[in-house]
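Colleague: Attaching a single structure in structure tokens format; questions to follow.
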Amino acid sequence: MLSGMAVEQHYLAGLDLAGRRVVVVGGGTVAQRRLPRLVRCGAAVEVVSPEVTPSVQGMADAGEITWHRRAYQSGDLRDAWYVLCCTSVTEVNAAVAEEAERTRVFCVRADAGSAGSAVTPATADYDGLLVGVLAGGEHQRSAAVRDGLVDALREGRIADQEREPAGVALVGGGPGDPELITVRGRRLLARADVVVADRLGPRDLLDELAPSVTVIDAAKIPYGRAASQDAINAALVEHAKAGKFVVRLKGGDPYVFGRGFEELIACAKAGVSVEVVPGVTSAFSVPAVADVPVTHRGVAHEVVVVSGHIGPDDPNTLTNWAALAGLTGTIVVMMGVDKLAAIAKTLVAGGRDAATPVAVIQEGTTRTQRVVRSTLDEIAADVLAAGIRPPAVTVIGPVAGLNSALA
Ligand SMILES: C[S@@+](CC[C@H](N)C(=O)[O-])C[C@H]1O[C@@H](n2cnc3c(N)ncnc32)[C@H](O)[C@@H]1O
């Protein structure tokens with residue numbers, strides 16, 4: 001022993017468990033939490049337990065693990081490389097740990113961390129990195145540090161040497177709340193050289209970008225004689241061809257009334273590679289935050305998402321408004337604030353009950369969210385009186401009145 005030198009209990013290592021026998025004693029929720037990562041590593045996992053949770057049973061049924069349906073017996077650790085004691089019975093865990101010590105198998109004791117010869121770090125996967133944190137048995141501390149590291153990586157506060165190759169990512173940014181972008185979307189945003197952003201979507205995230213990132217407001221791209229969409233397509237292609245990694249940050253999901261596929265086609269034609277990152281569409285998420293579930297058992301067995309951009313009186317409409325009027329379920333109208341009167345009138349004329357509940361949600365998931373609840377025959381007047389402006393989502397159907405069940 002070296003005098004004057006503090007001795008730490010643990011040495012952090014990465015184990016290659018592929019094809020190696022790992023024994024998990026116990027099949028409850030503790031084991032259930034550990035098993036997926038062991039399976040992902042390719043370990044030959046054997047669970048020893050008289051009973052297991054339905055999820056563990058599902059893994060056994062799927063052939064991901066082997067389940068020995070019995071109590072632990074001395075000798076179970078033969079040929080094992082690693083063992084986890086996950087039972088709720090201290091004596092059993094102690095007996096397993098004793099055999100592990102005797103047979104020189106590293107052993108995690110879920111019930112008494114420092115009593116085992118190994119501990120499970122707080123772990124997280126981040127884009128090919130495996131982050132592990134040990135804090136001498138202080139689980140809350142290791143989990144908090146792990147979360148902080150992953151957040152910092154995600155937001156680009158810790159430099160990750162990985163650079164994206166030149167190209168475009170069409171990223172669905174979600175409805176507006178910066179927390180509602182996907183993990184992948186946020187990760188790619190942190191690596192962008194150029195961001196082409198819409199007016200809708202998580203604008204707050206732009207604040208977090210490094211000063212070196214070029215941010216282009218899609219609404220302000222000068223487009224001269226070309227249509228604005230053509231100008232956006234051209235900007236994506238131009239920057240990608242100049243060797244940049246371009247994130248096209250769009251509101252909601254790129255392909256739900258988002259013209260994302262036009263951008264994909266333009267890039268494909270120019271030979272620019274594109275990754276599509278789906279997003280949380282406002283069609284469903286905005287109603288959700290206003291206590292409107294777009295389906296509900298026994299109430300709505302269908303949900304139709306419609307663009308109100310071209311109203312029912314316009315000969316260019318591609319929507320079968322008469323068929324919509326015949327539905328009993330949910331109609332979600334996007335881009336329809338100024339056409340609400342015409343839409344409501346058409347639906348009622350087509351047979352939809354005038355008393356059908358309607359909810360209109362403006363700027364959902366943001367600090368300025370507003371909700372107006374009414375009925376089909378009165379919604380247009382109520383929306384006008386309330387001064388509701390786009391962007392707003394309108395939900396028509398019995399689900400729009402279900403919030404009364406919360407009172
Ligand atoms: C051009 S579409 C884009 C939709 C987007 N791709 C999506 O999946 O949410 C714009 C319409 O989406 C709806 N919208 C988007 N974000 C919204 C929000 N935060 N609150 C209410 N409506 C929103 C409005 O109906 C708006 O007029």
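Colleague: Just want to confirm a number: the relative contact order over the stretch 167-280, from Cα pairs under 8 angstrom separated by 6+ residues, in percent.
Modeller: 45
Colleague: In whole percent, how big is the carbon plus sulfur part of the accessible area of the chain, probe 1.4 Å, protein atoms only?
Modeller: Roughly 53 percent, rounded to a whole number.
Colleague: Taking only C-alpha pairs under 8 Å that are 6+ residues apart, what is the relative contact order of the chain in percent?
Modeller: Contact order relative to length: 10 percent.
Colleague: Amide H to amide H, which residues 5 or more places from Glu275 or on other chains are under 5 Å from it, using H placed in the peptide plane?
Modeller: It is Val168, Ala169, Leu170, by chain and number.
Colleague: Further, regarding this structure: Among the lysines, which fall within straight-line cross-link reach of Lys269, defined as a Cα-Cα distance under 19 Å, with same-chain neighbours fewer than 8 residues apart omitted?
Modeller: Lys241, Lys244
Colleague: Go ahead and run the numbers for FRET between Arg370 and Ser74, Cβ-Cβ distance against an R0 of 56 Å, rounding to 0.05.
Modeller: 0.25
Colleague: For labels at Lys220 and Val183 in the simple 7 Å Cα→Cβ model, what's the distance in nm?
Modeller: Result: 3.5 nm between the two label points.
Colleague: A follow-up question, please. Using +1 on the beta carbon of Lys and Arg, -1 on that of Asp and Glu, and nothing else charged, what's the dipole of the stretch 21-120 about the Cα centre, debye to 20?
Modeller: Dipole size: approximately 260 debye.
Colleague: Just to verify a number: FRET efficiency for Ala268 and Glu98, C-beta to C-beta distance, R0 = 60 Å, to 0.05?
Modeller: 0.45
Colleague: Based on the mean of other Cβ atoms within 10 Å per residue, sort peptides 263-275, 74-86, 170-182 so the most packed one is first.
Modeller: Working: 263-275: 15.8, 74-86: 18.9, 170-182: 23.8.
Peptide ranking by packing, descending: 170-182, 74-86, 263-275.
Colleague: If you don't mind, there's one more thing I want to ask. Thr66 versus Asp314, label points 7 Å from Cα toward the beta carbon: distance in nm?
Modeller: About 6.5 nm separates the two model spin labels.
Colleague: How much of Val195 can a 1.4 Å solvent probe reach, expressed as accessible area in Å² and rounded to 10?
Modeller: Val195 has an accessible surface of roughly 0 Å² with all protein chains in place.
Colleague: Same structure, new question: For the stretch 284-406, report the accessible area per residue in Å² (1.4 Å probe, heavy atoms, rounded to an integer).
Modeller: Counting only protein heavy atoms, the per-residue value for the stretch 284-406 is 49 Å².
Colleague: For the chain, set up a GNM with springs between Cα atoms under 10 Å and report which of Gly42, Gly252, Gly14 has the largest fluctuation.
Modeller: Gly14
Colleague: Set the Förster radius R0 to 22 Å, insert the Cβ-Cβ distance between Ala407 and Ala354 as r into 1/(1 + (r/R0)^6), and round the FRET efficiency to 0.05.
Modeller: Given R0 = 22 Å and the Cβ-Cβ separation, E is 0.40.
Colleague: What residue among Ala62, Ala349, Ala192 shows peak mean-square fluctuation when the chain is described by a Gaussian network model with Cα springs under 10 Å?
Modeller: Ala62
Colleague: Using the Karplus equation 6.51 cos²θ - 1.76 cosθ + 1.60 (θ = phi - 60°), what ³J(HN,Hα) coupling, rounded to whole Hz, does each residue of the stretch 290-300 give in order, writing x for Gly and Pro?
Modeller: 9, 6, 10, x, 6, 10, 7, 4, x, 10, 9
Colleague: Here's something else I'd like to know. Once you have a ≥ b ≥ c as the square roots of the Cα gyration tensor eigenvalues for the stretch 167-280, tell me rounded if a/c is under 1.5, and otherwise prolate or oblate according to whether a/b is larger than b/c.
Modeller: In terms of gyration-tensor shape, rounded.
Colleague: Just Asp207, Asp291, Asp217 to compare: in a GNM of the chain, with alpha carbon springs under 10 Å, which one fluctuates most?
Modeller: Maximum among the listed residues: Asp207.
Colleague: Using alpha carbon centroids, what distance separates the stretch 320-348 and the stretch 9-50, in Å?
Modeller: Each part's Cα centre sits 54 Å from the other's.
Colleague: Oh, and also: Calculate the length of the line joining the C-alpha centroid of the stretch 94-126 to that of the stretch 173-194, in whole Å.
Modeller: About 38 Å separates the Cα centre of the stretch 94-126 from the one of the stretch 173-194.
Colleague: Over the stretch 1-148, what is the relative contact order in percent, taking alpha-carbon pairs closer than 8 angstrom and at least six residues apart?
Modeller: 19
Colleague: Which residue, Val247, Gln369, Leu406, has the largest displacement toward the positive end of the dipole of the chain when charges sit on each Cβ (Lys, Arg +1; Asp, Glu -1)?
Modeller: Val247
The values are calculated or read from the model by the stated rules, or taken from the named source; none is laboratory data. Source: prediction; values computed, not measured. Ideal geometry is used to build each Cβ from the backbone, glycine not excepted, and the neighbour counts take in all protein chains shown. Ligands, DNA and RNA are stripped out before the accessible areas are found, and what is left, the full protein with its side chains, is counted by its heavy atoms. Shrake-Rupley method; radii C 1.70, N 1.55, O 1.52, S 1.80 Å.
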